[in-house]
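Heads up, the thing below is written out as structure tokens.
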Amino acid sequence: MAKQRLPLCAIYGGTFDPIHYGHLKSVEALAKLAALHQVTIMPNNVPPHRPQPEASSQQRKEMVELAIAGNPLFRLDARELQRSTPSYTVETLEQIRAEHGPEQPLAFVIGQDSLLSLHHWHRWEALTGLCHLLVCQRPGYAIAMDNADQQRWLDSHLTSHVNDLHSAPGGKVFLAQTPPYDISATVIRQRLENNLPCDDLVPAPVLEFIHLHHLYRSVPEAK
Ligand code: ATP
């Protein structure tokens, strides 16, 4: 009897401070290109030595919930927020790999900016031993890696065949031709701080939540 294929399980990590259309639309496009049935959004617990998110863990989680409500492509995994300590992506992926077993095709989704800085991540070379990396385009970031060693590493893992992602548990890097969305959480926070509209950048329920909780403002709104 033919062995049943396990569906590719895709995880999307990030700070999501706040979640925005650059995240959501890139991954919706990626899902079509890589035949993903579901993507799990996994907000991270930020290490103390890094700039801290402006919204609390609970608020970042609630904003993700609002952004994905009614969209069956997405689900939320809040495991990193439930820990009292920050966790490294590689360690969380080890945990997820242990939960799913060695055969399960697993992928971690990142933007092009994250690919370029991947060599700064804790035990970054172990990542492709645990999963595939699916990379969304991000305008303003180089296509090539910073140096020859990193480029060699990338070239040795690259695939343009979607089937490679579904037929192996991990090990490949897929550079998806997603449309470029010039949106970042940093710009959104700055715009909110300056009372500028963000309707095209953030889903309406998330924006309502931001206003309701007076997030990303140092000065309270004038009545
Ligand atoms: P900040 O501006 O606060 O650094 P951000 O907008 O980059 O935040 P993160 O939550 O840090 O958002 O990003 C999570 C993941 O989403 C990262 O892998 C990042 O590369 C990717 N990403 C964020 N914005 C985009 C975008 N506009 N297009 C494609 N990928 C994106």
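Out of (1) out of contact with any Gly (no Cβ under 9 Å at 6 or more places or on another chain); (2) within 16 Å of the ligand (Cβ to nearest atom); (3) modelled with pLDDT under 95, the odd one out for Glu221 is which?
(2)
Picking from Ala69, Ala98, Ala142, which residue would you name as being touching a helix residue (DSSP H, G or I) at 6+ places or on another chain (Cβ under 9 Å), more than 23 Å from Thr186 (Cβ to Cβ) and hydrophobic (A, V, I, L, M, F, W, C)?
Ala69
Quick one: in the range 163-183, which of the residues that are of a type in the set (Ser, Thr, Tyr) and surrounded by 18 or more Cβ atoms within 10 Å (Cβ to Cβ) is nearest to the ligand (Cβ to nearest atom)?
So the residue we want is Tyr181.
Against the condition of a type outside the set (Val, Ile, Thr) and within 21 Å of Ile11 (Cβ to Cβ), how does Leu192 come out, does it pass?
Criteria not met by Leu192.
Of the conditions (1) away from the ligand (no atom under 15 Å from the Cβ); (2) within 21 Å of Gln177 (Cα to Cα); (3) out of contact with any helix residue (DSSP H, G or I) (no Cβ under 9 Å at 6 or more places or on another chain), Gln112 fails just one. Which one is it?
For Gln112, the failing item is (1).
Within the bounds of the range 153-162, is there any residue that is touching a helix residue (DSSP H, G or I) at 6+ places or on another chain (Cβ under 7 Å) and within 16 Å of the ligand (Cβ to nearest atom)?
No; the residues of the range 153-162 include none that is touching a helix residue (DSSP H, G or I) at 6+ places or on another chain (Cβ under 7 Å) and within 16 Å of the ligand (Cβ to nearest atom).
When His49 is evaluated against the numbered criteria (1) modelled with pLDDT under 95; (2) within 14 Å of the ligand (Cβ to nearest atom); (3) over 28 Å from Ser167 (Cα atoms), which criterion, by number, is the only one it fails?
Just one mismatch for His49, condition (2).
Name every residue in the range 46-70 that is assigned to a loop (DSSP other than H, G, I, E, B), in contact (Cβ under 8 Å) with a residue 24 or more places away in the chain and surrounded by 12 or more Cβ atoms within 10 Å (Cβ to Cβ), in order of residue number.
Residues satisfying the conditions are Val46, Pro47, Pro53, Glu54, Ala55.
So, in the range 184-218, how many residues would count as being within 16 Å of the ligand (Cβ to nearest atom), part of a helix (DSSP H, G or I) and in contact with a Leu (Cβ under 7 Å, 6 or more places away or on another chain)?
So the count comes out to 3.
So Arg123 ticks every box in (1) in contact (Cβ under 8 Å) with a residue 40 or more places away in the chain; (2) away from the ligand (no atom under 16 Å from the Cβ); (3) more than 23 Å from Lys32 (Cβ to Cβ); (4) touching a helix residue (DSSP H, G or I) at 6+ places or on another chain (Cβ under 7 Å) but one. Which box is left unticked?
(1)
The values are calculated or read from the model by the stated rules, or taken from the named source; none is laboratory data. In this text, all values refer to a predicted model and were calculated from it rather than measured experimentally. Counting neighbours? That spans all protein chains shown, and the Cβs are built from the backbone with ideal geometry, glycine included.
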